[in-house]
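The structure appears below as structure tokens.
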Ligand code: AP5
């Protein structure tokens, strides 16, 4: 299956994509995780991306388009992937359409994690992530705390706060989402592949709704 997740910062894209990747055994490709890995490796494109991420702004389209063109051409991804964070504006979506045609692939479903902006700040400011880039597991100090304080249940590495999870930056990220990413909801609605999921529910309820929606998609194919 070829899937894409949309939703504002903190709606739970990373959380749900990690669960789904485990359940369906397909690769989760998160643009944010890929960018943060290149920042941590201090590559040239990582240094450049950091200047935008530190301001809560989108990294230039050409960086993301080149990154995903390379990633998606990996033949091990032929049977499916879950995209989280790319495409993120209309220009990226149009480039992604060309990639799909070139790869002879089609997007099966776009899951839109729908949520009011008010509770998002609480979700984001309470987020902790595993510092081990190969794990990247997401926690929340209140909603999904680790068993041991600040230690990842899965790999035992320390949990950290993401550099862009400061309140002032979250406000900019939300504004960027509403101006640039939200128009993609219409874009995929017109293609009749969009499914809206209420992301304000508990994690397991959101996950069950996603699984049910995907069963319907599979039946229709
Ligand atoms: P990115 O990493 O993609 O961040 P984002 O879109 O802002 O989304 P988040 O990761 O903040 O939220 P999420 O929806 O994944 O929520 P999560 O599951 O963690 O992008 C970061 C930056 O990279 C961008 O600002 C930009 O600069 C750059 N970038 C990335 N892609 C780009 C692109 N294509 N083009 C240009 N620039 C790009 O959950 C949040 C918290 O809530 C967690 O603590 C979790 O435990 C908790 N939680 C989740 N679900 C629930 C629930 N149901 N109930 C209670 N708590 C929950």
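Points worth noting:
- Of all residues making up the stretch 107-132, the number that are part of a loop (DSSP other than H, G, I, E, B) and either closer than 17 Å to residue 198 by Cα or within 13 Å of the ligand (Cβ to nearest atom) (or both): 6
- In the stretch 195-216, the residues that are closer than 12 Å to residue 113 by Cβ and surrounded by 13 or more Cβ atoms within 10 Å (Cβ to Cβ): 195, 196, 197, 199, 200, 201, 203, 206, 207, 209, 210, 213
- Test: residue 48 is over 23 Å from residue 111 (Cβ atoms) and touching a residue at least 24 places away in the same chain (Cβ under 8 Å): no
- Condition broken by residue 161, with the remaining ones in (1) within 13 Å of the ligand (Cβ to nearest atom); (2) touching a strand residue (DSSP E or B) at 6+ places or on another chain (Cβ under 9 Å); (3) more than 14 Å from residue 124 (Cβ to Cβ); (4) without any contact (Cβ under 8 Å) to a residue 60 or more places away in the chain satisfied: (3)
- Of the residues making up the stretch 35-57, those that are in a helix (DSSP H, G or I) and within 8 Å of the ligand (Cβ to nearest atom) are 35, 36, 49, 52, 53.
- Scope the stretch 165-194; condition in contact with a strand residue (DSSP E or B) (Cβ under 9 Å, 6 or more places away or on another chain) and either within 16 Å of the ligand (Cβ to nearest atom) or farther than 13 Å from residue 112 by Cβ (or both); matching residues: 165, 181, 182, 184, 185, 187, 188
- Test: residue in the stretch 22-31 that is within 13 Å of the ligand (Cβ to nearest atom), in a loop (DSSP other than H, G, I, E, B), within 20 Å of residue 188 (Cα to Cα) and within 14 Å of the chain's Cα centre (by Cα): no
- Residue that is farthest from residue 91 (Cα to Cα), among those in the stretch 135-190 that are in a strand (DSSP E or B) and out of contact with any helix residue (DSSP H, G or I) (no Cβ under 8 Å at 6 or more places or on another chain): 151
- Test: residue in the stretch 89-98 that is under 21 Å from residue 6 (Cα atoms), touching a helix residue (DSSP H, G or I) at 6+ places or on another chain (Cβ under 6 Å), at pLDDT 95 or above and outside any helix (DSSP H, G or I): yes
The values are calculated or read from the model by the stated rules, or taken from the named source; none is laboratory data. Predicted, not measured: the structure shown is a model, and the values here were computed from it. For neighbour counting, all protein chains shown are included, and Cβ atoms are generated from backbone atoms with ideal geometry for every residue, glycine included.
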